[in-house]
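The values are calculated or read from the model by the stated rules, or taken from the named source; none is laboratory data. Everything numeric here is computed off the predicted structure, so don't read it as measured data. With ideal geometry, Cβ positions are generated from the backbone for all residues, glycine too; neighbour counts draw on all protein chains shown. These area figures cover heavy atoms from the full protein model, side chains too; ligands, DNA and RNA do not enter into them. Shrake-Rupley method; radii C 1.70, N 1.55, O 1.52, S 1.80 Å.
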Amino acid sequence: MSDLRYEAPATLAAAVALLAGANGKARVLAGGTDLLIQMRSGRIEPGLLVDIKGIPEMTSIAAENGGYRVGAAVSCMQLIEHAAFSGTWPGVTDAVKLIGSIQVKGRATVGGNLCNASPAADSVPAMMAAGAVVRIVGPGGTREAPVENIATGPGKTSLAGNEIVTSFLLPRRAPHSGDAYLRFTPRTEMDIAVVGAGVNLTLDDKGYCTHARVALGAVAERAVLVPDAAAALVGTRGDAAALERLAAAASAACRPIDDKRGTRAFRIEVAGVMARRAAEIALARAGRSG
Ligand SMILES: Cc1cc2nc3c(=O)[nH]c(=O)nc-3n(C[C@H](O)[C@H](O)[C@H](O)COP(=O)(O)OP(=O)(O)OC[C@H]3O[C@@H](n4cnc5c(N)ncnc54)[C@H](O)[C@@H]3O)c2cc1C
């Protein structure tokens, strides 16, 4: 085993400098609930770990332009316990609640969930449906990208080796908005998604849907946005026919694998069911009557 250096910088600038100086041999350490397992199994062998949990701007949740800026190193439990955030984004909160056990949630972060790039990561479809945008900092400066542009395949991201995701911006909510995330797993707890579905929508004063975003996890090599499923809702009151079209569009967008936890055909079918049920919850949360 080669030498491993551990650093816990107190500022973002120091973290960026450490990563930049490590010639690709460093890894960002957030909660470590994915990274340490990968290191123990020998899958990766970094020379330097840069712990970001001591950087104040990465561990805080703040109001911004009517929305929320959530630090990438905010733990799942911190997010769940933030009453104003979970009241505004109950679907994102549902997704974060599903990540591991209480002990895992105390360490695991939303940034780590995204940057680990598992196709089954629970918070990612919910964040995509929410329209979250991440801020990324590297030696070249700061850039922003929608959540859907980060994972490029299993374990792969569009981030340069020396870039850090510093925060997520969740936009201001219009009145009559609601979101929801559901997943299917063979076991009720401590299992990863066979299918995950996130839906976020806004209704007008008469109950017609004016805006929707639908995202699926675990049905392709990365989480996918499904514009056709969202389009099935817009202009409707979320009636049975619209929900049927949404389910069909969700199933059609799936490119899943076959494995011991679910066949391709099963995942395709369940994706439609999960998307429809998530849409029903989102509609109810947005205040749809009847
Ligand atoms: C028992 C158990 C159960 C689990 N259950 C679930 C589950 O139900 N659903 C689910 O989605 N996941 C689950 N996980 C996986 C894991 O807990 C989550 O993916 C978690 O959110 C990872 O966050 P972390 O802070 O621990 O990431 P880390 O392990 O610290 O990092 C993960 C990866 O992302 C990189 N990284 C982290 N933060 C950043 C950043 N800000 N910028 C750039 N790169 C970064 C790291 O370098 C590493 O490559 C489970 C894990 C365990 C051990």
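Summing charges over neighbours of Gly272, with a neighbour being any other residue whose Cβ is under 15 Å away from its Cβ, gives +3 when K and R count +1 and D and E count -1. Element breakdown for region 169-269 at a 1.4 angstrom probe: carbon and sulfur atoms account for 56% of the accessible area. Is region 5-50 best put as rounded, prolate or oblate by its Cα gyration tensor, with a ≥ b ≥ c the root eigenvalues, rounded for a/c under 1.5, and otherwise prolate when a/b is larger than b/c, oblate when not? Oblate is the answer for region 5-50, as a/c is 1.5 or above yet b/c matches or exceeds a/b. Comparing Cα centroids, region 128-159 and region 221-278 end up 24 angstrom apart. Sequence-distant contacts, meaning Cα pairs under 8 Å at least 6 residues apart, place the relative contact order of the chain at 16 percent.
Please report, as a whole percent, how much of the solvent-accessible surface of region 5-50 comes from carbon and sulfur atoms (probe radius 1.4 Å). Taking all protein chains in place, region 5-50 shows 53 percent carbon and sulfur surface.
Once the 1.4 Å probe is applied to the protein heavy atoms, region 58-170 comes out at 34 Å² accessible per residue. Taking Gly42, Gly217, Gly66 in turn, the Gaussian network model of the chain (Cα-Cα springs below 10 Å) assigns the largest fluctuation to Gly42. Cross-linked pairs Lys25/Lys260; Lys25/Lys105; Lys105/Lys206; Lys156/Lys206: Cα-Cα separations exceed 32 Å for Lys25/Lys260; Lys105/Lys206; Lys156/Lys206. Annotation: per residue accessible area for region 5-50 equals 56 Å², rounded to a whole number [probe 1.4 Å, protein chains only]. Taking the Cα centre of the chain as origin and assigning +1 to Lys and Arg Cβ atoms and -1 to Asp and Glu Cβ atoms, the resulting dipole is close to 220 debye.
When Lys and Arg each count +1 and Asp and Glu each count -1, what net charge do the other residues less than 14 Å away from Arg261, Cβ to Cβ, add up to?
Neighbour charge sum, excluding Arg261 itself: +2.
Counting Lys and Arg as +1 and Asp and Glu as -1 over every other residue whose Cβ lies under 15 Å from the Cβ of Met127, the net charge comes to +2. Whole-percent P(r), the chain, all Cα pairs, 5 Å bins from 0: 1, 6, 12, 17, 18, 16, 13, 8, 5, 2, 1, 0, 0.
If you find the alpha carbon centre of region 1-70 and of region 80-118, how far apart are they in angstrom? Each part reduced to its Cα centre gives a spacing of 18 Å. For region 221-290, the solvent-accessible area with a 1.4 angstrom probe is 52 square angstrom per residue. Helix 264-285 axis versus longest C-alpha principal axis of the chain: approximately 80°, rounded to the nearest ten.
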